[in-house]
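Down below is the structure, laid out as structure tokens.
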Amino acid sequence: MFAMENYHRATDLNDAVRALAAHPEARVLAGGTDVLIRLREGDGAFAHLVDINGLDELRQIDMDTSGTIRIGALATCTRIIEHEIIRSHLPVIAASLATIGGPQIRNIATMGGNICNGAVSADSACALLILDTELVIQGPAGERTVPILGFHTGPGRTILRRDEILKYFLFRPGQYRGIGAAYCKYAMRSAMDIATIGCGAALRMEGDIITSLKLAFTVAAPTPVRCPRTEEAAAGRRLDEETLALLAGIVEDDVQPRTSWRAERDFRMHIIRTLVQRVTREAANQQGGN
Amino acid sequence: MQQLPITLRINGRAYSMDVDVRTSLLELLRGLGFTSVKEGCGVGECGACTVLVDGVAVDSCLYLAVWADKRAIRTVEGECADGRLSPVQEAYIEEGAVQCGFCTPGLVMTTTSFLEQRENTPLTREEIARGHAGNLCRCTGYQTIIRAVQRAADKQRRSGRR
């Protein structure tokens, strides 16, 4: 038995928001792969739940005529990974989600949950950051749209208010068209593990000149981060060993990795320097492939 | 605590009942006598509690019983029809992929779903390993399990039946 004290099964999104507004101590239950574990461990912060698991209105994956792609917050990792629109247009999203847990977890875990739980190691966070994804959030007074950059505010914390629910992710064609993008998760095991460091890169090239680089890391700071100094230094440079070595030096100013039982700070910094080069190179290869 | 009415099918048979909302699908199934469903870690890491929900493999320890409303659940008890083992079960035996057996029901269900989603597509060892990464086995070292999956895939291709 899960140690719940209060359970509300939402009938639709508005009902869920109303229930959250009425019960300030309540938390959202989506795929359950984080919340049910916390509850099993007796974490009282999750004893009051508003269950949105059954809300099919938050599961859509589609593209409008302008090319904007929408992924519902409750779409499961597996469904996103296998979806034709995502495979064709957002392969880096599929690649990122494929590194989460194992098959059974990906079959129920949602990308919304991966972001809203505020995890510093969220595998989808790098891909969402380098695509400048927008998040549409529903609250009691209506909806608001915010950029993913700034959504995370600290370990386990986001800008979501207690009575707000993430509805869907928006990907604009100007962000995903014509880029090459890649994600690399460095972890001790190749499945069922949490990233020691995650790195994503999205690259635009003209010939062998980088016109823009977007670079993001997880577990490299108190939140998933973009790397403005490195990105600025990359623009206009030739993609070669010299540039990659330069970026590997600059990136140290964009991140603040820490020591934990999983890895020492210095080791994490070594991985970060290595991944900047590897993932930028891989992003360039992906552009060639599109 | 709150009870909610649910109706579901388990291995083809219909059930209707009221369940306490705090119950996991694992607890519900074991309570009904489907004791092939094992609780290993209880936190979605070992896969011993894997069952199929509408054909999709899930860890039943991390699945609320109320979510199973109007869904079809399959456990290993239902894979044996008219006294005949499924091709997956046969392949596990033939390859000696069972030692203590605690992980076996979960693995058999993972393999069953894995192969149903990849009918008539050639499988690499890497794909099989990735497709079974959510199931831990402390005995076999996995080599026999991977061979069993390959053998079950061959059987299905040959016989054309699941």
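Annotation: for a label point projected 7 angstrom from Cα along Cα→Cβ of A:Glu84, residues of region A:37-77 with backbone N closer than 18 Å are A:60-71.
Sequence-ordered 3J(HN,Hα) estimates for region A:184-192 from the Karplus curve with 6.51, -1.76 and 1.60 and θ = phi - 60° stand at 10, 9, 9, 8, 5, 10, 8, 8, 6 Hz, glycine and proline given as x. Using R0 = 56 Å, the C-beta based FRET efficiency linking A:Ala3 and A:Glu143 works out to 0.95. What ranking do B:Asp59, B:Asp82, B:Asp69, A:Asp254 get, fewest neighbouring Cβ atoms within 10 angstrom at the top? With the fewest neighbours first, B:Asp59, B:Asp82, B:Asp69, A:Asp254 line up as B:Asp82, B:Asp69, A:Asp254, B:Asp59.
Applying 0.36 nm per residue to the separation of A:Asn14 and A:Arg157 and subtracting their alpha-carbon distance, the gain on full extension is 49.2 nm. Between A:Asp56 and B:Arg158, the simple label model (points 7 Å from Cα in the Cβ direction) yields a spacing of 4.2 nm. Annotation: amide H of A:Arg27 within the under-5 Å range of A:His48, A:Leu49, A:Val50, sequence separation 5 or more or interchain, hydrogens built in the peptide plane. The HN-Hα couplings worked out from phi for region A:94-110 by the Karplus form 6.51 cos²θ - 1.76 cosθ + 1.60 (θ = phi - 60°) are 4, 5, 5, 5, 5, 8, 7, x, x, x, 5, 5, 5, 6, 10, 5, 10 Hz, whole numbers, x standing for Gly and Pro.
Using the Cβ-Cβ distance between A:Asp208 and A:Thr274 with R0 set to 22 Å, the FRET efficiency works out to roughly 0.50. Using C-alpha pairs below 8 Å separated by at least 6 residues, the relative contact order for region A:59-172 is 27 percent. Pairs of Cα atoms in region A:1-86 fall into 5 Å distance bins, from 0 up to the last occupied one, in shares of 3, 14, 21, 18, 16, 13, 8, 5, 2, 0 percent. Computed over region A:180-289, the Cα gyration tensor eigenvalues convert (square root of 5λ each) into semi-axes of 24, 15, 11 Å, ordered from largest to smallest.
The ranking of B:Trp67, A:Trp261 from fewest to most other beta carbons within 10 Å of each one's beta carbon is A:Trp261, B:Trp67. If you take every DSSP beta bridge whose two residues both sit in chain A, what share of them, in percent to the nearest 5, is antiparallel? Antiparallel: roughly 85 percent of the beta bridges in chain A.
Rule-based calculations on the coordinates, nothing more; no lab input. Because the structure is a prediction, the values reported are computed rather than measured. Here Cβ is always computed from backbone atoms with ideal geometry, including for glycine, and neighbour counts include all displayed protein chains.
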